[in-house]
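Report on the structure given below.
The values are calculated or read from the model by the stated rules, or taken from the named source; none is laboratory data. All values reported here derive from a predicted model rather than from experimental measurement. Positions of Cβ are backbone-derived with ideal geometry, glycine not excepted, and every protein chain shown enters the neighbour counts.
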Amino acid sequence: MEKKLQIIVQKLEKEFGAIASETRGEVSLFVLAERIIAVCQQIQGQGFELLSAMTAVDYWPQENPRFHVVYEFTSVSKNLRLEIRVPVPGLNPSLPTVSGIYRNANWREREVWDMFGIRFEGHPDLRRILMPADWEGHPLRKDYPLGYEEPQFSFNSEEIDLRKPYAKE
Amino acid sequence: MGVEQKLGNMGVVTTTLEQAVNWSRTNAMWPMLFGLACCAIEMMAAQASHYDMSRFGMELMRPSPRQSDLMIVAGRVSRKMAPVLRRLYDQMPEPKWVISMGDCASCGGVFNNYAIMQGVDEVVPVDVYVAGCPPRPEALLHGIVTLYEKVRGMKFAEVK
């Protein structure tokens, strides 16, 4: 770990009880959900101006809590990268929004809501961004079905044809 | 043969109204650009000079639906794009035809998932399906010639 990054990470560990882990030179900090806004403000003060990526991962059924929301911060001035992981439980998942601190988190949080169903409290405009507005379900969860329709081979071609929706005019 | 025999070589041809109308429809059918994904590249290649589509009457490609007869849906249509596709199809004046180009527009292609519409014939009625991933320009031209044969066989009683 770089020295500058090490100082920042140690400060965050002491203040917020975060747990740091390092893989191949990339640092990952585990933070609890209640503290994420304070952590983000602290990080922005330390020089991480850019939230480069924000996604979520679903570890069902192996791990509990089920979701990990992953934030990746980049400091352009100091040439550093830092990843923050927030474990979120599967029942009514919700997190406070960081779009007040980092403006580009707005659409990233909409995408996480659309694909995983994790609500963000305080978000100005939480609605679906990739799927149509009246879609039901959250596609990137592990218990969402993988395919969409049964493949048509020559032996079941007619039966599937009868059930497919065709446009009349 | 009637009139033609009697008039000899005076440059007069008799035909039926249906044949004349269908001939004019096929000789100047203007496609609407609906290239969504990779098949659009092959559509552009078919329109370019090597495999010329203007030989078949498609001199221009109009991006506006109000000025085109044929909609070539080239590429995969996502669920969010489907109402837009239907609205543009409704804005085309009669008579209109649809060619579904490529595997993704015909049947969903390799994408059997929540995001891609499994065949564009769920929202618009398709006349000719051109298979391929992507279909070669010659395959698209074959599809267009097949559509022309269909149009030449159209009767007025069938008009919707």
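Please enumerate the residues belonging to the range A:1-20 that are assigned to a helix (DSSP H, G or I), aliphatic (A, V, I, L, M) and farther than 17 Å from A:Arg85 by Cα. Write out each step before concluding.
Taking the range A:1-20 as the starting set, the residues that turn out to be assigned to a helix (DSSP H, G or I) are A:3-16.
Now drop any that are not aliphatic (A, V, I, L, M), which leaves A:5, A:7-9, A:12.
The answer is A:Ile7, and nothing else.
Only one residue in A:Glu121, A:Glu169 is of a type outside the set (S, T, N, Q) and at pLDDT below 90. Which one?
A:Glu169
With the structure loaded, tell me whether B:Asp69 is buried (at least 17 other Cβ atoms within 10 Å of the Cβ), over 15 Å from B:Leu36 (Cβ atoms) and of a type in the set (D, E, K, R) or whether it fails that test. Before the answer, list the steps.
Working: buried (at least 17 other Cβ atoms within 10 Å of the Cβ): yes; over 15 Å from B:Leu36 (Cβ atoms): yes; of a type in the set (D, E, K, R): yes.
Criteria met by B:Asp69.
Within the range B:55-99, count every residue that is small (Gly, Ala, Ser), in contact with a Phe, Trp or Tyr (Cβ under 7 Å, 6 or more places away or on another chain) and farther than 25 Å from B:Ser24 by Cβ. If you could, list the steps in order and put the result at the bottom.
Here is the first cut: in the range B:55-99, the ones small (Gly, Ala, Ser) are B:57, B:64, B:68, B:74-75, B:78, B:82.
Retained after the next criterion (residues that are in contact with a Phe, Trp or Tyr (Cβ under 7 Å, 6 or more places away or on another chain)): B:68, B:74.
Retained after the next criterion (residues that are farther than 25 Å from B:Ser24 by Cβ): B:74.
Adding up the residues that qualify gives 1.
Would you mind finding the one in B:Ala40, B:Ala45 that is modelled with pLDDT of 90 or more and buried (at least 18 other Cβ atoms within 10 Å of the Cβ)? Step through it out loud before you land on a result.
On the way: B:Ala45 fails: buried (at least 18 other Cβ atoms within 10 Å of the Cβ).
From the options B:Ala40, B:Ala45, the qualifying one is B:Ala40.
What pairs come out if I take residues in the range A:155-169 that are part of a loop (DSSP other than H, G, I, E, B) and polar (S, T, N, Q) and pair them with residues that are surrounded by 10 or more Cβ atoms within 10 Å (Cβ to Cβ) and modelled with pLDDT of 80 or more whose C-beta lies under 9 Å away, six or more apart or interchain?
A:Asn156/A:Glu150
May I ask you to verify whether B:Gly108 is among the small types (Gly, Ala, Ser), surrounded by 21 or more Cβ atoms within 10 Å (Cβ to Cβ) and farther than 12 Å from B:Glu122 by Cα? Walk me through it before giving the result.
Numbers: among the small types (Gly, Ala, Ser): yes; surrounded by 21 or more Cβ atoms within 10 Å (Cβ to Cβ): yes; farther than 12 Å from B:Glu122 by Cα: no.
Here the answer is no, as B:Gly108 does not meet what is asked.
Got a number for residues in the range A:60-96 being without any contact (Cβ under 8 Å) to a residue 40 or more places away in the chain and aromatic (Phe, Trp, Tyr)?
Selection size over the range A:60-96: 2.
Considering only residues that are surrounded by fewer than 15 Cβ atoms within 10 Å (Cβ to Cβ) and part of a loop (DSSP other than H, G, I, E, B), which ones fall in the range A:118-134?
A:Gly122, A:Pro124, A:Asp125, A:Arg127, A:Pro132, A:Ala133, A:Asp134
Are there any pairs, at least 6 apart or on different chains, whose C-beta atoms fall under 6 Å, with the first in the range B:78-97 and farther than 23 Å from B:Cys38 by Cα and the second assigned to a loop (DSSP other than H, G, I, E, B) and among the acidic types (Asp, Glu), and if so, which?
Sorted first by the residue in the range B:78-97, then by its partner, the pairs are B:Lys96/B:Asp69.
Can you go through A:Gly117, A:Gly137 and tell me which one is more than 9 Å from chain B (Cβ to nearest Cβ) and of a type in the set (Gly, Ala, Ser)?
Working: A:Gly137 fails: more than 9 Å from chain B (Cβ to nearest Cβ).
One residue alone meets the criteria, A:Gly117.
Within the set of pairs 6+ apart or on separate chains, which have a first residue in the range A:6-19 that is on the phi > 0 side of the Ramachandran plot, a second that is surrounded by fewer than 16 Cβ atoms within 10 Å (Cβ to Cβ) and of a type outside the set (D, E, K, R), and C-beta atoms under 8 Å apart?
Between residues of the range A:6-19 that are on the phi > 0 side of the Ramachandran plot and residues that are surrounded by fewer than 16 Cβ atoms within 10 Å (Cβ to Cβ) and of a type outside the set (D, E, K, R), the close pairs are A:Gly17/A:Leu32.
If I ask for residues that are more than 9 Å from chain B (Cβ to nearest Cβ) and surrounded by fewer than 13 Cβ atoms within 10 Å (Cβ to Cβ), which ones from the range A:151-169 would you list?
Going residue by residue through the range A:151-169, those that are more than 9 Å from chain B (Cβ to nearest Cβ) are A:153-163.
A:Phe153, A:Ser154, A:Phe155, A:Asn156, A:Ser157, A:Glu158, A:Glu159, A:Asp161, A:Leu162, A:Arg163, listed by residue number.
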